Amino acid sequence: RGERWRWSRVEMGSRAIETWGTEEVGALLARLEMSDNVVQEFKANSVQGKDLCELSDEDLMNDLKMTKLQVRKLRRELEAVKQGSAESAHKVERDSTVAQAAATPAGYSPPMPAGYPPAMPAGYPPATPAGYPPAAPAGYALYESAPQTDMPQTAAHASHTAPQEYWGQPAASAPYGTPYGYTPQVAAPSSAPWPHGYAPPAATPAGKRSVIRPEDANHWKALGRTIDEYERKNAELALQDSTAKLKNVESRAQAEKARLHELEQKLAKAAKEKHKVEEDKWYPGKHLTSHKKQEERASEKLKEYEKISAEVNAHKLKLDGLRSDAASAKAVLGQAQADLQALQRAREERSMLVIKLFKGQGTHASDATEDALESELDSYAPKLAEVKMTKQTYSMAAMELDMAVKGIEKATQMTQQAYGRANADLVLGLGPTNGPLGAANDIQKRRALQDANNTYQMAIQNMARAKMHIPDLPNVSEATIHQPPVFGDLIFDNIISDMIVRKQIQKSLAMMQKTQAEAKEALGWLNGKISSTVDPELHRLEAMYESKSNELEAYRAKLLSAAATT
């Protein structure tokens with residue numbers, strides 16, 4: 001497993017993806033830190049390199065249980081590996097050419113096609129001005145020192161006299177290829193000398209050179225401005241605030257709606273009572289006895305009705321206002337969601353553009369420095385994955401031991417309860433032949449011992465699983481994790497059997513305490529190992545990875561900014 005994780009992208013790219021076996025695919029998944037269930041699905045289906053090239057996104061998500069994000073990570077990494085494979089093939093071809101050139105006799109120049117060297121304009125070669133080094137002629141490349149290259153050096157190079165085939169030649173026909181994006185700008189006569197500090201166009205400058213199309217750099221810069229604009233709006237915070245405000249307004253509106261419903265019921269009741277009083281207001285002879293009392297009652301009901309009606313109208317207005325606030329909050333929330341989605345799209349598009357420019361096939365945005373930074377960043381990935389796996393393994397073992405310690409503690413308490421009942425048997429002389437009290441005590445004692453035994457065996461299983469995670473786990477012996485059941489078939493029929501059971505319980509309590517002490521010591525060792533070794537190493541690697549990732553991102557931004565024209 002460790003060997004797979006140490007494979008870098010460059011090593012994996014040395015072979016075509018179609019030739020990969022399941023081991024290389026597993027190494028790729030480990031580099032990407034895929035989840036265990038995804039790794040198991042790939043392993044169960046024996047996915048090989050040719051399968052990766054043929055599987056669609058839907059196949060990866062439906063059949064191999066990958067998420068959309070995991071699929072995107074896998075596609076990006078495959079593109080990067082393909083780019084590395086193409087560069088590796090180019091290097092093999094170039095090395096072959098170098099070897100062939102090295103075998104060429106000194107002073108030999110291959111025959112040139114008809115028409116080479118081309119006719120030069122009048123006045124070439126130009127006279128060398130007094131005082132070296134001279135100013136660079138238009139189109140010549142000036143270097144502080146003669147460029148270092150792994151290409152074979154001919155006798156003409158050594159004497160600073162350019163071979164005829166190097167001058168005035170189109171970039172595509174240069175004998176060993178040209179640097180990324182380099183195209184000679186002017187022609188020079190075949191016998192032109194090499195002034196100090198100058199090199200012919202066919203010589204490769206030290207390291208790769210970054211070539212980025214201005215339109216790509218401008219697009220990257222425009223996306224950056226878009227991201228800055230949305231980040232100034234603080235879309236994430238605005239989304240949280242608008243969500244909370246909408247929730248508050250809707251809660252108040254719901255309460256107001258319930259209050260309005262209650263008032264409307266009161267209003268309906270008041271209207272019915274008012275109508276009843278008004279209908280019962282007069283009948284023949286009533287005005288002679290109680291006309292004034294009826295008038296007062298009708299007036300009172302009318303006032304009560306009007307008061308409730310006014311409250312209903314006020315609450316209706318308040319509810320309308322809350323509904324309006326809710327509509328406004330929803331609009332703000334919708335705008336915040338749209339801004340956040342636009343920010344995420346811009347970030348994703350910018351990230352994909354950078355990946356396309358620096359890792360895609362047929363692009364030459366990277367230079368020697370960017371390649372070195374990315375290679376160094378890639379070198380951290382397997383180390384980081386290994387330490388994370390170690391942390392996960394140690395943490396799982398610690399969790400099992402913690403459960404074992406708690407389980408043994410619980411089993412000990414149950415056994416102590418049974419021990420108390422065994423003492424009661426001996427003191428009181430209880431037993432099945434001594435009536436219902438002795439039988440009930442024996443039943444409770446047996447139940448406590450059975451529960452203690454089951455709990456203790458589960459704790460032992462926890463310790464065994466911890467030992468499986470960490471085979472060299474100290475203080476946990478094979479004898480401990482293969483203990484037989486604490487209690488077998490127990491018989492409580494007389495004073496002799498009660499004494500035997502009591503002695504067995506004492507022995508079991510001592511064994512439980514010893515096992516619990518072993519589990520606690522092992523747990524302490526694990527926690528100490530995690531806190532003193534694993535966590536510091538993990539934090540160190542994460543900090544280094546983040547620092548190098550930021551450095552790589554900043555350098556790419558520098559290259560893109562330099563290529564932008566807007």
Open item on the list: Full-extension gain between Lys272 and Ser35, please, as 0.36 nm times their residue separation minus the C-alpha to C-alpha distance.
Closed with: 78.3 nm
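Pulled fully out, how much extra length does the chain show between Met458 and Ala424, if you take 0.36 nm times their separation in residues and subtract their Cα-Cα distance?
Numbers: separation 34, 0.36 × 34 = 12.24 nm, distance 2.89 nm.
Net length gain for the segment: 9.3 nm.
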Task: Vicinal HN-Hα couplings computed from phi for region 538-555 (Karplus, 6.51 cos²θ - 1.76 cosθ + 1.60; Hz; Gly/Pro x) - done: 5, 5, 5, 5, 4, 5, 5, 5, 5, 4, 5, 5, 5, 5, 5, 4, 5, 5
Task: Mean separation of Cα contacts under 8 Å (6+ apart) over length of region 320-466, as relative contact order % - done: 24 percent
Task: With DNA, RNA and ligands ignored, accessible area of Glu478 (1.4 Å probe; Å², nearest 10) - done: 100 Å²
Task: Karplus 3J(HN,Hα) series, Hz, for region 359-376 with 6.51 cos²θ - 1.76 cosθ + 1.60 (x for Gly, Pro) - done: 10, x, 6, x, 10, 9, 6, 7, 10, 4, 5, 5, 4, 5, 5, 5, 5, 5
Open item on the list: On a full-extension model of 0.36 nm per residue, what is the gain between Gln254 and Lys330, subtracting their alpha-carbon distance, rounded to one decimal in nm?
Closed with: 25.8 nm
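How would you order 339-346, 35-42 from highest to lowest mean count of nearby Cβ atoms within 10 Å? Don't jump to the answer; show the numbers that get you there.
On the way: 339-346: 16.2, 35-42: 14.5.
Taking the mean over residues of other Cβ atoms within 10 Å, the ranking is 339-346, 35-42.
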Open item on the list: Once R0 is set to 35 Å, what does the formula 1/(1 + (r/R0)^6) return for the Cβ-Cβ distance between Lys356 and Gln240, expressed as a FRET efficiency to the nearest 0.05?
Closed with: 0.60
Open item on the list: If I model a spin label as a point 7 Å beyond the Cα along the Cα-Cβ vector, how far apart are those points for Asn475 and Lys233 in nm?
Closed with: 5.8 nm
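The values are calculated or read from the model by the stated rules, or taken from the named source; none is laboratory data. Bear in mind the structure is a predicted one, so any value in this text is a computation, not a measurement. Cβ coordinates were reconstructed from backbone atoms using ideal geometry, including for glycine residues, and neighbour counts include every protein chain displayed. Note: accessible area is taken over every heavy atom of the protein model, side chains too, but ligands, DNA and RNA are not part of it. Shrake-Rupley method; radii C 1.70, N 1.55, O 1.52, S 1.80 Å.
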